[in-house]
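Below is one structure, written out as structure tokens, with a few remarks after it.
The values are calculated or read from the model by the stated rules, or taken from the named source; none is laboratory data. Since the model is a prediction, treat every value here as computed from it, not as a measurement. Here Cβ is always computed from backbone atoms with ideal geometry, including for glycine, and neighbour counts include all displayed protein chains.
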């Protein structure tokens, strides 16, 4: 191919990029860039000029209103990848931090918790076995004297944890001191896996997941390939795509190119040992070579050109570091290039094996943290291009150290912006042997390797997410080439046209510089079809939406010429494994036509897709039928879906006591009447239209329970909240309770002073007992002291008003409980003063819980997680149990 | 509150912009235009301190719409551009430049020239670096248009000259254009960049007035200044200039040698090879072989009959003379592991035979020499050629068979 006789003028600078700030959201519009003298008509009186951008291009129009599924959804349901809400902290304090901002808080504690819950054996296996006798999870009191000394009740602790969970994010959250003590005591010895190590690994993984959520570069290149039919053969091509629940199955599906592409026969299928990240294909000497990349394995298949021939796997390589790129040589059969995240580039030949071309963990032109590397082939079969986020370099595989040159640099050379990074390079060999496409998050560049560093074309693509996929459809000589760019997260698809050459008469018919032709065009995304689909039941709709919104995972396209009709088929793969297709038809250039259909906006719901064409006997178009079938298959596939998402559930035990929930002894007459009517209506198959005639009179309003001292705390709080000064109310409330507590404390001291003579010495000694025994004593004592709930203590002990236990509590006198918990009564029971507060805390939890019936002895064992056969072991360890105290 | 108002305003502004963007990307120009009329309101309440304000957006979007809208006219476009120029001081030159480009592409050369002259005289405070660059470009484009007028006058003058009648006024006019063009063009090509058009015009002017030294200096500077990008065209222009000047073979070869070093796949390599093959010096002929082998390494040359016939000719020459077979051996050594699959596969033999018989002839000759008479490519092509009773191919078969020992030497 000849070099253009003259290039568009441009400045050339060196060094880091000068231009600051992000490009404007419309930076790609309204610019010709430069003009060049040329084009037909030089010999005429006036010179003619051509623009770098803004020349007329080919006109492509969408044939359908939305993309149409090509394949039916596979049987297994898709497991969605983590969403931001899965790993972000959702506390109230962090609400303002939006994902995507650097200040996002990762929910580290929850993930660590997940680990302990999901892998208890790994986390506490042996210690759990050792200790299982000493931890009791039942609600009832421990009776046997022996176990009372060596066993603690964990129920209270578990409830504390639950409560902590329920109050997550509350700014007034008080840490439960009991939990703190416990973790303080156990942190060092309870866990099988060293906590520090585990936390480090988890944190690293979380950061990785989060950065993947922000931008997942492992998908670069896309996992969809189209193997076109042989020239002049039947219009049956092949779609190579991943599938299965874990996207680890590789399918070669024959597809007949009709009005709507249709799958033919069952696909050739290969099960791989990892999630397929990339599928790359190239045709050499009439055979297709398909390279498949997963994180640690890369494989290559050969697909003979004739239709129906089975694909054969050729070779697999394993890498220690995840591979980030796999490209197939368009020049030589069975040659590929592989990059790993450690910065190594290999030339991989099926015959000759791997040849390391480059190894450099550092980035090329300036420092960038990303480990992403890419490589591709160039016009010279022995020269590979290597890319990282900072630019591209070309290396001769025969002498990589000596022979290399810089092809593209993020810098002033290419007029880059600050912060711009290479996202996807692609060799455009099928359109022009020495041209290259480089996309960044802001712009797309076309480079010519004969003129390195200076882009022959640059355009700001204005896509919302960086383009990770691209596909080239070369046009005939003199025609424009089509390039598709695809983004993953936003499913954007953009069609660009460029012309590598136009006839410049001035230069004697030689090639002229590269031009962007026509305007860029947005194609339909997968999720765009949602508005055309019939409305589903809400949960189905949600499932469908989730499915259709899955990030795109690949892109392929083909041009189809059928006599005068030319059309383009664009396939898009989603992470859920769906392949959707849209057809664009080529419109021959015509004088400005009256506004066509494309000017009409399509209102949601009134879609031409589902309108019955008069001609169709079935009453629906082919696309609509295709959708019907797809939707049916999807709902069938997802019926077996195990519930991944748990709806948040609230325990009403915290809100109401059993007594609250208990109704009157029997159903009231009104209820009886109602039930009867209902039953009758059901028998008759009729309906109940009016309840009134039976509701003779409203039940008397319950007496407002206003203590003499003023409105109850709840109504006071609600009133305050209504007025907008809840905060102040809370301040007053806490200070009030502090004052009250101080008063109580003073009172207690006074009493203690009086009683000191008898018990002071023994009381000071008891504090040397272990914490466990403290807990166990408390647990033992618990049920004894339980009484039908009274909430006042709970609310006064500084717990935030999470529940509203006071709402419907029966107006019993607080006296008995108060008496029960007063210092005096505790003291009488022989409880040392240091632990009275703890006890009081503890009892406050139980205050509104009903006394549980004592557990039968047999059920106790079943409540323990660890089989009782281990009991001997744990009893042997009992004497050691008190040791940990030494450390404190 | 005003803060809230600002936020709401910003939100609706963004929403409007996204509608416009959507319409533009779907080529719904009318819809985009309707939204743009709403977006214009954002100019009145421009609270943004963003890098790119709404005025730039309106300029860009409006221009794009007016390019494509079925009912827009040049008059409207010019009117819009004039408004846009006054909207932002910082962007004045950029908008002017784009306006000129549009006029040029639509053949309104005179209007473009007027606009350029106007823009050139524009002054506003201290110029930023970008404005400086834009100003230089404006001057350069005006120089280009002056050059166009100059060459028009020149052709008139030449026509008249043929009639034996010279017009002094036309000649003076022409010189005036020359002076104006030369000043501006000379300026821009001093700055590092790709200035193919400007350099060509400037050199043409200089050559016409016989200032060959200056032309040579300009071209040398453009080709060899390390601050400029490695532009193959710079070397091509120099080579063409030297050729026009009737320079010695030696200087032509040295100019092309440099081009070969930076772009081994340049189309001038065929000329280079021919030139070197004709040379009497052994070293140059050796270089010629290297050049043609290197060119054929590239995918773009795979089916270039000219290049293959150059190689075939030289290989044949070497083999017949039985001297310097080592040259072929050396060149072949670094290629023997991939050229057979790249150039001489059975698939390609079939296809080349079907598509281009003379290409397959040249390639078969090379294949027969470097890979022996048993190689797939040679066997297929010579078989087909003999079957088709083409004399050329029978001779080829004889030649390769006769020189099979050379193959043994090369492969050995």
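Data for the structure
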item	result
From B:157, B:145, B:116, residue being under 25 Å from residue B:200 (Cα atoms), within 9 Å of chain A (Cβ to nearest Cβ) and in contact with a helix residue (DSSP H, G or I) (Cβ under 6 Å, 6 or more places away or on another chain)	B:145
Test: residue A:416 is free of Cβ contacts under 8 Å to residues at least 24 places away in the same chain and more than 20 Å from residue A:3 (Cα to Cα)	no
Candidates B:267, B:187, B:214 - the one that is surrounded by fewer than 23 Cβ atoms within 10 Å (Cβ to Cβ) and away from every other protein chain (no Cβ under 14 Å)	B:214
Residue satisfying condition, being within 29 Å of residue B:157 (Cα to Cα), assigned to a helix (DSSP H, G or I) and more than 21 Å from the chain's Cα centre (by Cα), within set B:219, B:206	B:206
Helices (runs of 4 or more DSSP H) within region B:33-96 that include 2 or more residues within 14 Å of chain A (Cβ to nearest Cβ), at negative phi and modelled with pLDDT under 85	B:54-68
Selection count where residues are at pLDDT 85 or above and either more than 8 Å from every other protein chain (Cβ to nearest Cβ) or touching a strand residue (DSSP E or B) at 6+ places or on another chain (Cβ under 7 Å) (or both), scope region A:1-13	8
Among (1) at the interface with chain B (Cβ under 7 Å from one of its Cβ atoms); (2) at pLDDT 85 or above; (3) over 30 Å from residue B:270 (Cα atoms) - the single one residue A:60 does not satisfy	(1)
Unique residue being on the phi > 0 side of the Ramachandran plot and over 27 Å from the mean Cα position of the chain (by Cα) when the list is A:265, A:244	A:265
Enumeration of residues in region A:307-320 that are closer than 9 Å to residue A:296 by Cα and surrounded by fewer than 16 Cβ atoms within 10 Å (Cβ to Cβ)	A:318, A:320
Conditions (1) surrounded by fewer than 16 Cβ atoms within 10 Å (Cβ to Cβ); (2) farther than 22 Å from residue B:130 by Cα: number failed by residue B:242	(1)
Residue match in region A:523-542 (condition: in contact (Cβ under 8 Å) with a residue 40 or more places away in the chain, within 20 Å of the chain's Cα centre (by Cα), surrounded by 23 or more Cβ atoms within 10 Å (Cβ to Cβ) and part of a strand (DSSP E or B))	no
Test for residue B:126: is it away from chain A (no Cβ under 12 Å), surrounded by fewer than 17 Cβ atoms within 10 Å (Cβ to Cβ) and touching a helix residue (DSSP H, G or I) at 6+ places or on another chain (Cβ under 6 Å)	no
Sole residue being surrounded by fewer than 13 Cβ atoms within 10 Å (Cβ to Cβ), facing another protein chain (nearest Cβ under 8 Å) and either touching a strand residue (DSSP E or B) at 6+ places or on another chain (Cβ under 9 Å) or modelled with pLDDT of 70 or more (or both), chosen from A:37, A:31, A:20	A:20
Evaluation of residue B:238 against (1) in contact with a helix residue (DSSP H, G or I) (Cβ under 6 Å, 6 or more places away or on another chain); (2) in the same structural domain as residue B:155 (by the TED database) (one fails), failing number	(2)
Matching residues, region A:321-338, being closer than 20 Å to residue A:273 by Cβ and either crowded, with 21+ Cβ neighbours inside 10 Å or out of contact with any strand residue (DSSP E or B) (no Cβ under 9 Å at 6 or more places or on another chain) (or both)	A:323, A:324, A:325, A:326, A:336, A:338
Residue that is nearest to the other protein chains (Cβ to nearest Cβ) [pool: residues in region A:405-434 that are surrounded by fewer than 17 Cβ atoms within 10 Å (Cβ to Cβ) and part of a strand (DSSP E or B)]	A:405
Unmet criterion (only one of (1) in contact with a helix residue (DSSP H, G or I) (Cβ under 8 Å, 6 or more places away or on another chain); (2) crowded, with 19+ Cβ neighbours inside 10 Å; (3) not assigned by the TED database to the domain that holds residue B:364) for residue B:299	(1)
Wholly enclosed strands (runs of 3 or more DSSP E) of region A:278-390 bearing at least 1 residues within 14 Å of chain B (Cβ to nearest Cβ) and free of Cβ contacts under 8 Å to residues at least 12 places away in the same chain	A:353-359
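Condition check ((1) loosely packed, with under 15 Cβ neighbours inside 10 Å; (2) within 14 Å of another protein chain (Cβ to nearest Cβ)) across all residues:
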| position | (1), (2) |
| --- | --- |
| B:250 | yes, no |
| B:259 | no, yes |
| B:287 | no, no |
| B:308 | no, no |
| B:312 | no, no |
| B:321 | yes, no |
